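First up is the structure itself, then whatever we jot down about it.
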Amino acid sequence: MTGAGRVISFDPVMWKLRDGRQVTVRAVRPDDRDRLQAAVRGLSDESRYLRFMSFVRELSPALLDQATSPEPGRELQLVAVTGGSGEIVAGARYSAAEGSRTCEFAVAVSDEWHRLGLARRLLEALMLSARLRGFDGMEGYILASNTRMLALARRLGFKEIRSPEGPTVRLLRRDLRRD
């Protein structure tokens, strides 16, 4: 799926965060495998659980392949990297089933980079990119205990609907056609 019949790329952009630190946000590349795995391993147990909804220490080889080689038009994986080392400090992605007009999002930010506005900006970038690619809606499955992500999604216009996953998981949806 592409916006107006064209492939839309995500050009790297430098963001200055609330504390003055800067990151470069860009599309993930296949050579990010080791950096992405290090970022996942570097998350606290709580952050990994909130992102993956299970106790994982690292990504499996299959998930690592999927994360670093997203399918153009259906998936976008963004990473926020630091200047000098190129360390990945945050990631955000959306993915859609073949032919779907709705995509699902996920965001993870390294613990020492929390509360700097990075998750918000990443989610806003995902929403804009998905809209430009022709998606009508975006949704996310978020643990009920992840109150900060739930609050962020609501501030960005996501509405909570009944989740088929049960009471411990919230389903938030947003119409991308408005704005």
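Here's a check for you: in segment 137-179, which residue that is at positive phi and not acidic (Asp, Glu) is surrounded by the fewest Cβ atoms within 10 Å (Cβ to Cβ)?
GLY166
So which of GLU104, GLU98 ends up being under 13 Å from the mean Cα position of the chain (by Cα) and either more than 18 Å from GLY140 (Cα to Cα) or not hydrophobic (A, V, I, L, M, F, W, C) (or both)? Even if it seems obvious, please write down each step before you answer.
Working: GLU98 fails: under 13 Å from the mean Cα position of the chain (by Cα).
Going through GLU104, GLU98 in turn, just one is under 13 Å from the mean Cα position of the chain (by Cα) and either more than 18 Å from GLY140 (Cα to Cα) or not hydrophobic (A, V, I, L, M, F, W, C) (or both): GLU104.
A short reminder: the numbers here are calculations on the coordinates, not readings from a lab. Computed from a predicted structure; not experimentally measured. Ideal geometry is used to build each Cβ from the backbone, glycine not excepted, and the neighbour counts take in all protein chains shown.
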